Amino acid sequence: MAMSSRFSALRKRSETKEKQEEAAPVETSTVVIPSVKKGETEEPKAEQPVVENQPATSDRVADARVRLHRLLIEEINLVALEKLPKDEMRRQIFDFVSEKTREERMAINVAELDSLVDDIVDEMVGLGPLEPIMRDPDVADILINGHRSCFVEKGGKLQQISIPFKDEAHLMRVINKIVAAVGRRVDESQPLVDARMADGSRFNAAIRPIGVDGPLVSIRKFSADKLALHKLVEFQALTQSMAEVLAAAVHARKTTIISGGTGTGKTTMLNALSAFIPEDERLITIEDAAELQLQQPHVGRMETRPPNIEGRGEVKQRELVKNALRMRPDRIIIGEVRGEEAFDMLQAMNTGHEGSMTTIHANSPRDSISRLEQMIGMAGMPMTQSSIRNQISSAIRLIVQVQRLADGSRRLTSISELTGTEGDVIQIQEIYRFRKTHIDTDNRVVGEFRATGIRPRFLEELAEVGISMSAESFEPNRVL
Ligand SMILES: Nc1ncnc2c1ncn2[C@@H]1O[C@H](COP(=O)(O)OP(=O)(O)OP(=O)(O)O)[C@@H](O)[C@H]1O
Ligand SMILES: [Mg+2]
């Protein structure tokens with residue numbers, strides 16, 4: 001298939017969704033990267049439940065909420081109420097609460113009454129005080145360190161908020177509700193739990209005695225609109241030329257791995273790049289908690305399973321990789337490679353499943369290779385170091401390094417190509433890099449993306465399948 005136009009690879013999917021802006025010539029001067037997403041600075045959202053919910057709740061209303069909730073539990077058939085559809089339940093609670101507030105002559109206005117009813121409904125059917133935060137589309141992460149210390153990540157920045165948990169027991173009730181919904185349990189004998197919530201969010205809790213000051217909760221919210229590659233270009237996480245090279249490489253089955261630290265945007269990048277896999281390929285995804293949203297029609301999704309309460313029934317990534325090979329995939333996409341499954345993954349990449357992809361927790365391309373070496377060692381196969389390195393260098397072609405900078409912005413800081421081994425050493429050549437130049441007065445990191453001047457070796461292979469890349473994209477020391 002021919003992709004003669006420079007931009008065709010990048011447009012392939014985005015054009016169906018929204019009109020992509022005419023590829024802005026990025027080869028101008030220095031790039032200033034704002035610390036927050038565009039939309040957030042320009043048009044602050046009218047609805048900000050996280051902030052609004054707390055100050056609006058005066059002590060008086062907070063007291064009333066606790067009291068009414070208690071009354072509700074005492075006077076109403078909760079089991080029957082819980083079975084009602086949410087609208088009907090809300091109506092009944094509304095009636096009950098208005099009656100009680102009248103009886104008790106509580107001074108409460110309509111807005112307060114409404115919010116009170118919402119809170120009680122959230123408490124009954126949802127996740128209580130977490131509910132409005134879960135609904136806030138701008139919140140990416142929720143981090144709770146005991147019921148009194150809560151943080152959220154919004155627009156790349158962590159900020160402290162107050163979530164009105166009544167006490168630790170209240171927080172525990174919410175945790176139990178979440179884990180029970182997915183058939184798990186958390187208690188003193190099993191104080192750590194990892195789960196995928198009903199809406200797809202990733203949930204982790206560490207309760208006492210592991211959580212020294214009370215339950216530690218971390219939620220990575222599931223976002224229905226994953227950032228597409230052209231969006232990442234728009235956010236200046238990478239440039240148009242870099243995006244084109246990556247899109248073409250993925251399209252043409254040049255095996256790519258994404259390396260980065262925690263929360264740096266690895267999964268987001270993997271998801272964005274996966275959009276350039278041709279639609280006629282069969283893909284199998286393997287994850288701990290299914291986060292990827294591949295757009296191809298032919299995708300089989302698998303998730304690992306932790307051991308049950310008796311410690312049985314665990315299904316590990318390695319078994320899933322082995323199993324995937326029996327499912328006739330064209331490519332296997334592993335959410336994050338962490339251990340012994342690296343061995344089977346590399347075998348797959350070397351035997352007909354080129355173009356498979358994964359992410360890896362590492363701080364540099366070199367580091368990701370040593371991590372891989374260690375992981376392969378964990379598989380317990382009798383392999384010499386040099387054969388391990390040969391496997392790695394023949395399986396993987398590109399390493400994409402992502403990083404979260406001091407200002408919270410997420411950037412692709414390096415694209416490197418593996419070109420083989422010399423002696424015992426894997427050869428890596430960097431094609432693009434991001435260099436920080438300074439911090440501006442708004443504390444934003446200013447820097448530039450540059451080509452190193454090395455033309456990737458896989459360009460010839462791309463040309464063979466009809467994808468030509470402009471030589472300009474690789475001109476040395478040109479600011480992109
Ligand atoms: N370039 C970007 N610009 C703005 N937000 C981004 C960017 N890349 C990722 N994000 C957001 O950052 C958050 C973390 O991203 P992601 O889940 O991809 O990170 P990760 O490295 O896979 O994290 P983990 O180590 O927890 O698996 C998400 O909410 C995502 O939407
Ligand atoms: Mg991830």
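The values are calculated or read from the model by the stated rules, or taken from the named source; none is laboratory data. Predicted, not measured: the structure shown is a model, and the values here were computed from it. Glycine also receives a Cβ, built like all others from the backbone with ideal geometry; neighbour counts cover every protein chain displayed.
Observations on the structure shown:
Residue-by-condition table, conditions (1) within 19 Å of Asp288 (Cα to Cα); (2) over 23 Å from the mean Cα position of the chain (by Cα):
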| residue | (1), (2) |
| --- | --- |
| Ile332 | yes, no |
| Thr359 | yes, no |
| Arg366 | no, yes |
| Ser387 | no, yes |
| Asn390 | no, yes |
| Gln401 | no, no |
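- Some residue of segment 347-354 being buried (at least 24 other Cβ atoms within 10 Å of the Cβ), in a loop (DSSP other than H, G, I, E, B) and either of a type outside the set (Asp, Glu) or within 16 Å of ligand 1 (Cβ to nearest atom) (or both): no
- Looking only at residues of segment 146-167 that are surrounded by 17 or more Cβ atoms within 10 Å (Cβ to Cβ) and away from ligand 1 (no atom under 16 Å from the Cβ), we find that the one that is nearest to Glu123 (Cα to Cα) is Phe165.
Let's see how each residue does on (1) in a loop (DSSP other than H, G, I, E, B); (2) farther than 23 Å from Gly408 by Cα:
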position: Val233; (1), (2): no, no
position: Thr262; (1), (2): yes, no
position: Ile309; (1), (2): yes, yes
position: Arg318; (1), (2): no, yes
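- Segment 283-314: number of residues that are away from ligand 2 (no atom under 16 Å from the Cβ), touching a residue at least 40 places away in the same chain (Cβ under 8 Å) and touching a strand residue (DSSP E or B) at 6+ places or on another chain (Cβ under 7 Å): 3
- In segment 315-330, of all residues being of a type in the set (Lys, Arg) and either under 20 Å from Gly380 (Cα atoms) or within 16 Å of ligand 2 (Cβ to nearest atom) (or both), the one that is farthest from the chain's Cα centre (by Cα) corresponds to Lys322.
- Pick from segment 267-282, criterion touching an Asp or Glu at 6+ places or on another chain (Cβ under 7 Å) and more than 16 Å from ligand 2 (Cβ to nearest atom), ranking: nearest to Arg202 (Cα to Cα): Arg282
- The single condition from (1) more than 30 Å from Glu234 (Cα to Cα); (2) at pLDDT 95 or above that Glu422 fails is (2).
- Counted residues, segment 104-140 - those being closer than 30 Å to Ile210 by Cβ, among the aliphatic types (A, V, I, L, M) and either at pLDDT 85 or above or not in a helix (DSSP H, G or I) (or both): 6
- Any hit, segment 167-186, residues being within 16 Å of ligand 2 (Cβ to nearest atom) and either of a type in the set (Phe, Trp, Tyr) or in contact (Cβ under 8 Å) with a residue 12 or more places away in the chain (or both): no
- Scanning segment 434-480 for residues that are surrounded by fewer than 18 Cβ atoms within 10 Å (Cβ to Cβ) and within 25 Å of Ala395 (Cα to Cα) turns up Thr452, Gly453, Ile454, Arg457, Glu460, Glu461, Ala463, Glu464, Val465, Gly466, Ser468.
- Flag for Ser368 being of a type in the set (Gly, Ala, Ser), within 20 Å of Gly420 (Cβ to Cβ), away from ligand 1 (no atom under 16 Å from the Cβ) and surrounded by 20 or more Cβ atoms within 10 Å (Cβ to Cβ): no
- Qualifying residue in segment 218-226 (condition: within 16 Å of ligand 1 (Cβ to nearest atom), crowded, with 18+ Cβ neighbours inside 10 Å, assigned to a loop (DSSP other than H, G, I, E, B) and more than 19 Å from the chain's Cα centre (by Cα)): no
- Candidate set from segment 314-340 (those that are among the charged types (D, E, K, R) and within 21 Å of Glu281 (Cβ to Cβ)); member that is nearest to ligand 1 (Cβ to nearest atom): Arg331
- Some residue of segment 340-357 being among the β-branched types (Val, Ile, Thr) and touching a residue at least 24 places away in the same chain (Cβ under 8 Å): no
- Cβ-Cβ contacts under 7 Å between residues 6 or more apart (or on different chains), taken from a first residue in segment 215-230 that is under 18 Å from Lys177 (Cβ atoms) and away from ligand 2 (no atom under 16 Å from the Cβ) to a second residue that is of a type in the set (Gly, Ala, Ser) and in a strand (DSSP E or B), are listed as Pro215/Ala205; Leu216/Ala205; Leu216/Ala206; Val217/Ala205.
- Close contacts from segment 445-457, counting a first residue that is more than 21 Å from Gln236 (Cα to Cα) and a second that is of a type in the set (Phe, Trp, Tyr), with Cβ to Cβ under 6 Å and a gap of 6+ residues or different chains, come to Arg455/Phe474.
- Residue ID - surrounded by the fewest Cβ atoms within 10 Å (Cβ to Cβ), chosen from residues in segment 245-293 that are within 15 Å of ligand 1 (Cβ to nearest atom) and over 30 Å from Asp407 (Cα atoms): Thr285
- Only a single item in (1) touching a residue at least 12 places away in the same chain (Cβ under 8 Å); (2) away from ligand 2 (no atom under 16 Å from the Cβ) is not met by Glu99, and it is number (1).
- Unique residue being out of contact with any strand residue (DSSP E or B) (no Cβ under 6 Å at 6 or more places or on another chain) and closer than 23 Å to Thr359 by Cβ when the list is Gln391, Gln427, Gln401: Gln391
- Looking across Thr304, Thr358, Thr351, one residue alone is under 27 Å from Phe235 (Cα atoms) and of a type in the set (Ser, Thr, Tyr). It is Thr358.
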